[in-house]
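**Q** Attaching a single structure in structure tokens format; questions to follow.
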Amino acid sequence: LKTTMAGTISLNVYEGRGMKDTGWFGGKTDPYIKFRVMGHGNKKGGKFKTLICRNGGSNPDWRGEHHSFKVKGNEEYIKIEARDSSTVLGTAAVGLQAIFAANHAPVDTWVQLLDEARRPTCGQLHCVFTYHGPGG
């Protein structure tokens, strides 16, 4: 299923909890999050990333960092990658159907981050997604 209406998705990234901390010698991980909108057949759409949360460790706080991006109506999910420098801390995919269906109502969720074996061992990411369809 997919939406047939173009619009904008607003995304606020709040915090992480229980994320993998790869800090060395008592230091803490400096995590950031990469987002990529994906369409049918894994067609790549817009991408963006958060600021680096210096010394964020396993419970980083992005304080509701805001991003927005246009959608054409054929997008299916948002690919999420939590990173520290060149290390992937965890990944996730957020389907867009519920976000589109909520049209103008915020979808407030904790996204489970998965390891390379797709196990839920990498913590969670608190995000709020809001779809603004035509006329909004």
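A quick yes/no check of all residues on (1) polar (S, T, N, Q); (2) at pLDDT below 95:
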{"position": "ASN74", "(1), (2)": "yes, yes"}
{"position": "LYS79", "(1), (2)": "no, no"}
{"position": "SER86", "(1), (2)": "yes, yes"}
{"position": "GLU116", "(1), (2)": "no, yes"}
{"position": "THR121", "(1), (2)": "yes, yes"}
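**Q** Can you tell me which residues in region 30-65 are under 12 Å from the mean Cα position of the chain (by Cα) and of a type in the set (Ser, Thr, Tyr)?
**A** The answer is TYR32, THR50.
**Q** I would also like to ask the following. Taking the condition of a type outside the set (Asp, Glu), touching a residue at least 60 places away in the same chain (Cβ under 8 Å) and more than 16 Å from TRP62 (Cβ to Cβ), does THR130 pass? Before you say what the answer is, go through the steps one by one.
**A** On the way: of a type outside the set (Asp, Glu): yes; touching a residue at least 60 places away in the same chain (Cβ under 8 Å): yes; more than 16 Å from TRP62 (Cβ to Cβ): yes.
Judged against the criteria, THR130 is a match.
**Q** If you don't mind, there's one more thing I want to ask. Could you list, in sequence order, all residues of region 94-105 that are modelled with pLDDT of 95 or more and surrounded by 14 or more Cβ atoms within 10 Å (Cβ to Cβ)?
**A** Within region 94-105, VAL94 is the sole residue that qualifies.
The values are calculated or read from the model by the stated rules, or taken from the named source; none is laboratory data. Source: prediction; values computed, not measured. Note: ideal-geometry Cβ built from the backbone for every residue, glycine included; neighbour counts use all protein chains shown.
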